[in-house]
Amino acid sequence: MTEIRTDWARDQIAELFNMSFTELLFQAATVHREYHKPDQVQLCTLLSIKTGGCPEDCGYCSQSVEADSGVKATKLMDVRQILQGAAQAKDNGSQRFCMGAAWRNPKDRDMPAIVEIVKGVRDMGLETCMTLGMLTPKQADMLAEAGLDYYNHNIDSSPEYYEKAISTRKMQDRLDTLTHVRDSGINVCSGGIVGMGETREDRVGFIHTLATLPQHPESVPVNALVPVKGTVLGDMLADTPMAKIDDIEFVRTVAAARITMPLSMVRLSAGRESMSEAAQALCFIAGANSIFTGDKLLTAPNAGDDSDAALFEKLGLVALQGEEPLRACKAGELEAAE
Ligand code: SAM
Ligand code: DTB
Ligand code: SF4
């Protein structure tokens with residue numbers, strides 16, 4: 001079994017990116033098979049439970065108050081409406097229900113409603129994931145106590161590029177929240193965005209930051225920037241079409257995530273809607289084994305269940321049922337060479 005390491009040097013990750021594409025894919029596919037069934041893909045569904053009006057200035061996001069994207073700000077959704085969305089996701093075969101709020105951080109007065117939502121979705125037999133911005137240790141503990149399975153908090157890019165995309169917080173703030181989540185016992189979901197105009201060196205730094213966390217995130221979403229008109233990065237990309245991420249470079253990033261974090265679920269996340277079937281197939285070969293299903297991400301469109309069903313049929317992929325390898329491993333059901 002490939003060793004699980006958190007001592008990756010940046011140069012070693014750069015070497016992965018620099019390999020011939022065929023060799024990189026072979027290595028990634030080999031690691032993938034050691035810990036995962038390569039025909040099984042996890043299905044997750046997103047719901048924006050509080051949209052827009054966010055005080056942060058993330059240059060990619062339609063929900064920032066700084067963006068002129070036309071996204072309307074809403075209040076936190078009613079728990080019954082959220083449970084309806086969860087029921088629909090479950091009917092459509094989703095394993096995990098991921099709820100996102102456009103907050104810099106939840107206020108303590110929001111927590112009772114959030115706890116009620118976590119409990120309600122969990123009682124329906126779905127895995128729960130929330131992404132609510134920065135958390136205090138106490139808030140993380142409250143979510144853990146409510147039974148939250150995963151918390152999503154992306155590091156988004158390299159430490160160097162982070163400052164160019166966001167000015168209202170620091171990468172260290174993100175890392176601190178990840179520590180609070182980990183310490184509370186909630187599983188960590190953390191990844192980022194490729195195609196924001198960053199360099200390959202930034203993509204190396206992005207993977208390096210994740211792969212050298214004290215413990216790898218259980219889930220690693222790799223998003224391709226959805227260029228939204230009225231956002232800083234969406235508009236920049238519209239003006240410089242060459243800046244759009246090359247599919248092969250995107251696949252290389254997925255492969256580097258798979259090789260450096262063998263046990264993690266690597267999610268082919270936002271941006272799938274504008275990817276060809278062939279590019280998505282390459283991502284699955286490179287070790288992606290999770291997707292967001294349904295017609296909508298948080299505010300942007302997603303590929304949709306019909307086109308996903310057709311793609312799965314064509315590629316012979318099936319929905320993952322049951323426990324992820326990392327969690328099975330923790331439970332002592334799978335031996336890993338840690
Ligand atoms: N406000 C919380 C936060 O920032 O953690 C939660 C919601 S935020 C929308 C969740 C993640 O969505 C971001 O960290 C970013 O990685 C991703 N995201 C946002 N806008 C995106 C876009 N236009 N394209 C791709 N990914 C995007
Ligand atoms: C993640 O890494 N990607 C999801 C989820 N975590 C919260 C969000 C993608 C958002 C795409 C843009 C939008 O829908 O506004
Ligand atoms: Fe706010 Fe999250 Fe969007 Fe940043 S990514 S503007 S924190 S909702």
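What follows is calculated from the coordinates using simple rules that are stated; it is not laboratory data. What you see is a predicted model, and the numbers here were worked out from it, not measured in a lab. So basically every Cβ, Gly included, is an ideal-geometry build from the backbone, and we count neighbours across all protein chains shown.
With a simple spin-label model that places each label point 7 Å from the Cα along the Cα-to-Cβ direction, the separation between ASP235 and THR2 comes to 4.1 nm. Given +1 at the Cβ of Lys and Arg, -1 at the Cβ of Asp and Glu and no other charges, the dipole of the chain around its Cα centre is 620 debye to the nearest 20.
Consider a paramagnetic label point 7 Å from the Cα of ASP108 along Cα→Cβ; state which residues of the range 122-138 have an amide N under 18 Å from it. Once the point is set 7 Å along Cα→Cβ of ASP108, 134-138 turn out to lie under 18 Å by backbone N, inside the range 122-138.
Placing pseudo-labels 7 Å out from each Cα toward the beta carbon at GLU249 and ASP183 gives an inter-label distance of 3.8 nm. Classify the range 90-229 from the C-alpha gyration tensor, please: rounded if a/c falls under 1.5, else prolate or oblate depending on whether a/b exceeds b/c. Prolate shape, in that a/c is at least 1.5 and a/b is the bigger ratio. Per-residue Karplus couplings for the range 44-58, computed as 6.51 cos²θ - 1.76 cosθ + 1.60 with θ equal to phi - 60°, are listed in order as 10, 10, 9, 9, 7, 8, 7, 9, x, x, 7, x, 6, 10, 3 Hz, Gly and Pro entered as x. Anisotropy class assigned to the range 10-337 is rounded, per the alpha carbon gyration tensor with a/c under the 1.5 cut-off.
Computed on the chain, with alpha-carbon pairs under 8 angstrom and 6+ residues apart, the relative contact order is 25 percent.
Need one word for the range 5-97: rounded, prolate or oblate. Basis is the Cα gyration tensor (sqrt eigenvalues a ≥ b ≥ c); a/c below 1.5 gives rounded, then a/b vs b/c decides. Oblate.
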